[in-house]
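The next block holds one structure in the form of structure tokens; read it before the comments.
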Amino acid sequence: MAFLSDALARIQPSPTVAISQRARELQAQGRDIVALSAGEPDFDTPLHVREAAIAAMQAGHTRYTNVDGIRELKQAVADKFRRDNGLDVTADDCFVASGGKQILFNALMATLNPGDEVVVPVPYWVSYPEIVRLCGAEPIFAPTNAAGGFKLSPEALAAALGPQTKWLILNSPSNPTGAAYSADELEALAEVLRRHGQVHILSDDIYEPLVYDGASFATLAAVAPDLAGRCLTLNGVSKSHAMTGWRIGYCTGPRPLLAAMLKLQSQSTTNACSIAQWAAVAALNGPQDFLAGWRLVFAARRDKVVAALNAAPGLFCLKPAGAFYVFFSCAGLIGKTSAGGTRLDSDSAAAMALIEEAGVALVPGSAFGSPGHLRLSYAASDAALDAALQRIADFAEGCR
Ligand SMILES: Cc1ncc(COP(=O)(O)O)c(C=O)c1O
């Protein structure tokens with residue numbers, strides 16, 4: 001009898017974590033590696049949020065809380081959804097977990113059976129198909145392309161939906177492409193979803209405040225209120241407030257679904273960290289004006305990265321509207337040999353050669369279901385980005 005479970009055998013370890021680990025190993029050997037592989041802001045958690053955590057500890061907020069979050073945080077979440085997204089919700093419609101990832105996990109684990117299908121647009125965030133598979137269900141990949149801005153078209157959505165579809169996962173702005181859907185684009189998808197009443201929609205809005213050039217963010221439950229009863233709107237403070245390590249995610253959705261998620265979470269992690277919950281109250285209720293400064297910094301870095309990559313031979317990218325990633329084609333390098341003698345027969349080989357020969361850690365597109373691409377995170381200092389862009393250009397020029 002095998003010791004490890006069949007469920008475990010269905011999933012792959014996170015490839016983003018694997019690349020970051022290789023970068024740390026080489027750094028530990030004394031190599032100069034610029035790691036642009038991680039998915040977290042390089043800014044510090046705002047001071048008032050850190051102070052709120054200290055105050056919470058000193059006030060004795062160090063015990064178990066309600067499974068779905070302290071009342072104050074659920075109220076702050078409801079206020080946020082009303083204020084920023086125009087969603088008509090109360091604290092009782094909101095739920096808090098240890099990161100957006102646990103919200104996703106709870107929702108899928110609470111609803112999926114073997115044979116169920118989940119539509120996942122490609123390229124996707126690495127965890128979506130793996131969690132679906134862990135639940136014994138099947139991801140159905142809906143293609144997008146660069147010409148369409150890596151956004152799911154109504155036609156591709158209609159082709160992917162079927163009688164077994166339980167969920168559609170939408171992520172805007174997207175990891176890995178940075179693509180962000182406009183309200184009109186979401187309305188066109190809503191039109192298709194109206195014809196499939198059994199499908200729920202998980203809207204992963206975790207990069208919400210990170211949209212640039214004055215673009216405004218849109219979310220499906222607000223664009224199509226008639227579908228709100230089928231939407232789970234997921235968000236969190238990891239990216240919006242540089243709080244990846246605090247592990248706070250939240251959502252709003254239909255109450256029977258939230259009750260099912262609560263049942264599940266009560267038998268797993270119980271509640272999110274009490275201190276981090278109080279910090280998240282300060283994050284959501286406090287000033288948001290620092291975000292305007294972050295947006296300017298991120299947009300300037302994005303412009304620099306896009307210009308440098310498009311100037312390098314064999315590389316091509318679109319200008320993404322949001323998040324802090326550039327997802328670029330390296331198709332022009334595939335089939336060539338690097339100056340260090342590595343045959344670049346795939347994006348994974350290119351990513352490995354880049355880290356070993358050029359000292360730049362990027363994530364291969366195949367990890368996101370789109371071979372022939374690489375993902376660069378520009379949540380890094382200007383000095384780190386300048387060094388990395390020079391090295392990537394030299395590497396590309398050295399390929400024959
Ligand atoms: C698209 C997307 N959704 C959700 C998450 C989960 O974030 P967290 O669990 O830190 O809230 C991430 C993190 O990388 C992400 O990129």
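Bear in mind that the values in this text are calculations on the coordinates, not laboratory data. Remember, predicted model here, so these are calculated numbers, not experimental data. Glycine gets a Cβ as well: all are built from the backbone with ideal geometry, and neighbour counts include every protein chain shown.
Per-residue Cβ neighbour counts within 10 Å put Glu357, Glu117 in the sequence Glu357, Glu117, beginning with the fewest. Dipole of the chain computed with +1 at Lys/Arg Cβ and -1 at Asp/Glu Cβ about the Cα centre; of Ser182, Val363, Ala393, farthest Cα towards the positive end is Val363. The value of relative contact order for the chain, using C-alpha pairs under 8 Å at least six residues apart, is 22 percent.
For segment 255-400, a simple Cβ point-charge model (Lys and Arg +1, Asp and Glu -1, everything else neutral) yields a dipole of about 460 debye relative to the Cα centre.
Residues considered: Arg22, Arg295, Arg83. Largest GNM mean-square fluctuation over the chain, using C-alpha springs under 10 Å, is found at Arg83. When the Gaussian network model of the chain links Cα atoms closer than 10 Å, the mean-square fluctuations of Glu40, Glu185, Glu51 top out at Glu51.
Think of segment 249-400 as having a plus end and a minus end, set by charges on the Cβ of Lys, Arg, Asp and Glu; of Ala323, Gly286, Phe298, Gly286 sits farthest toward the positive end of this dipole.
Normalised by the number of residues in segment 47-285, the average gap of Cα pairs under 8 Å and 6 or more apart makes the relative contact order 29 percent. Residues with beta-carbon under 15 Å from that of Ala339, excluding Ala339: net charge, scoring Lys, Arg +1 and Asp, Glu -1? For residues surrounding Ala339, the net value is 0. Counting only lysines at least 8 places from Lys239 when in the same chain, those with an alpha carbon closer than 30 Å to its own are Lys74, Lys80, Lys101, Lys151, Lys166, Lys263, Lys304, Lys319. Among the DSSP helices (H) of the chain, those spanning at least 27 angstrom by Cα along their long axis with an average Kyte-Doolittle hydropathy of -0.5 or more are 290-311; this is a geometric and hydropathy rule only.
The charge dipole of the chain, taken about its Cα centre with unit charges on the Cβ of Lys, Arg, Asp and Glu (plus for the first two, minus for the last two), comes to roughly 500 debye. When the charge dipole of segment 47-285 is built from unit charges on Cβ atoms (+1 for Lys and Arg, -1 for Asp and Glu) and taken about the Cα centre, the candidate among Met109, Ile140, Leu170 whose Cα reaches farthest toward its positive end is Met109.
Shape class for segment 1-80: oblate, because the ratio a/c of the largest to smallest gyration tensor axis (alpha-carbon atoms, square roots of eigenvalues) is 1.5 or more and b/c is at least a/b. In terms of its alpha-carbon gyration tensor, segment 75-233 comes out rounded; the largest-to-smallest axis ratio a/c stays below the 1.5 threshold. For the chain, what does the alpha-carbon gyration tensor say about shape, rounded, prolate or oblate, given a ≥ b ≥ c as the root eigenvalues, a/c under 1.5 as rounded, and a/b over b/c as prolate? Because a/c hits 1.5 or more and a/b exceeds b/c, the chain counts as prolate.
Sorted fewest first by neighbouring Cβ atoms within 10 angstrom, Phe3, Phe316, Phe217, Phe368 come out as Phe3, Phe316, Phe217, Phe368. Could you identify which residue out of Tyr325, Tyr378, Tyr212 has the top mean-square fluctuation in a GNM of the chain using Cα springs shorter than 10 Å? Highest fluctuation of the listed residues: Tyr212.
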